[in-house]
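> Next up is a structure, given as structure tokens.
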Amino acid sequence: PSCVQFCPADGVKIRLAHEPVFRANTQPISALVTTQKPDVLLEAEYPSGERLIWLFDAKYRIRDDDGVDDCVPDDAINQMHRYRDALVYNHDTNGLHSHSRPVYGAFALYPGYYPQSPFNADLNPYHAAVRKIGIGAFPLVPGQVAGGDEGNAWLRAFLADNLGGGEYRTPANADRIYLQDSARIPATGMRQTH
């Protein structure tokens with residue numbers, strides 16, 4: 001897989017990897033049951049040392065149900081659940097082997113047409129799922145510019161919110177991500193702390 005790294009001025013290090021392969025023997029992230037190969041891995045290392053991962057997978061079709069909105073096919077959303085849940089981060093802490101889930105979100109990218117701006121992201125049919133569970137999709141149409149709206153504004157706003165920047169120029173901070181609904185969903189009967 002090819003990889004590109006960015007180091008913006010606020011100290012966050014961003015790595016994009018194209019088609020990384022995760023198997024049972026890859027380290028420190030592995031896929032225990034079957035090999036996983038998402039299209040794009042975005043890893044952010046924050047100044048605090050936290051490393052967080054988001055996965056993106058390109059889909060070249062929309063759901064064919066004669067609906068009003070352009071939506072990604074259901075199997076694409078199911079695949080995002082699989083990507084997020086199949087990958088395990090293996091680490092040793094004080095001589096004890098443990099593992100955790102390194103993926104904070106998995107999103108399909110598909111050719112849906114919507115008039116997008118950073119201020120109407122709630123019109124994305126997957127907006128609630130992106131915020132609540134970290135699974136969803138972002139419609140992208142390259143070259144889409146209609147009335148000043150761009151075909152990638154919702155994805156850009158999501159990235160700015162999570163990697164620093166955005167409408168209010170907030171600095172990159174991993175703690176903001178830990179406070180999001182999608183990162184705070186514990187297993188039934190348990191609580192999470194950081």
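The values are calculated or read from the model by the stated rules, or taken from the named source; none is laboratory data. On a predicted model such as this, the values are computed, not experimentally measured, just so you know. Methodologically, a virtual Cβ is constructed for each residue, glycine included, from the backbone with ideal geometry; neighbour enumeration extends over all protein chains shown. Ligands, DNA and RNA are excluded from the accessible area calculation, which covers all protein heavy atoms including side chains. Shrake-Rupley method; radii C 1.70, N 1.55, O 1.52, S 1.80 Å.
> Step by step: first the residues of the stretch 21-58, then only those that are crowded, with 19+ Cβ neighbours inside 10 Å and part of a loop (DSSP other than H, G, I, E, B), then the one that is modelled with the highest pLDDT. Which residue is that?
Step by step, filter the stretch 21-58, then rank; the result is Pro38.
> Write out, first by first residue and then by second, each pair whose Cβ atoms fall under 6 Å of each other, whose residues are 6+ apart or on separate chains, and whose first residue, in the stretch 127-155, is closer than 14 Å to Tyr113 by Cβ while the second is at pLDDT 90 or above and part of a helix (DSSP H, G or I).
Close Cβ pairs (under 6 Å, with a partner that is at pLDDT 90 or above and part of a helix (DSSP H, G or I)) amount to Phe138/Trp154; Phe138/Leu155; Trp154/Ala121.
> Can you run down the residue pairs with Cβ atoms below 6 Å, 6 or more apart or on separate chains, where the first is in the stretch 79-105 and farther than 15 Å from Arg23 by Cβ and part of a helix (DSSP H, G or I) and the partner is open to solvent by less than 30 Å² (accessible area, probe 1.4 Å) and modelled with pLDDT of 85 or more?
Every condition considered, the pairs that remain are Met80/Ala106; Met80/Ala108; Met80/Ile135; His81/Ile135; Arg84/Val103; Arg84/Ala106.
> Which condition breaks for Ile77 when tested against (1) crowded, with 20+ Cβ neighbours inside 10 Å; (2) in contact with a Lys or Arg (Cβ under 8 Å, 6 or more places away or on another chain); (3) among the β-branched types (Val, Ile, Thr)?
Of the numbered conditions (1) crowded, with 20+ Cβ neighbours inside 10 Å; (2) in contact with a Lys or Arg (Cβ under 8 Å, 6 or more places away or on another chain); (3) among the β-branched types (Val, Ile, Thr), the odd one out for Ile77 is (2).
> Of the residues Asp181, Asp149, Asp122, Asp175, which single one is modelled with pLDDT of 90 or more and surrounded by fewer than 17 Cβ atoms within 10 Å (Cβ to Cβ)?
On the way: Asp181 fails: modelled with pLDDT of 90 or more; Asp149 fails: modelled with pLDDT of 90 or more; Asp175 fails: modelled with pLDDT of 90 or more.
From the options Asp181, Asp149, Asp122, Asp175, the qualifying one is Asp122.
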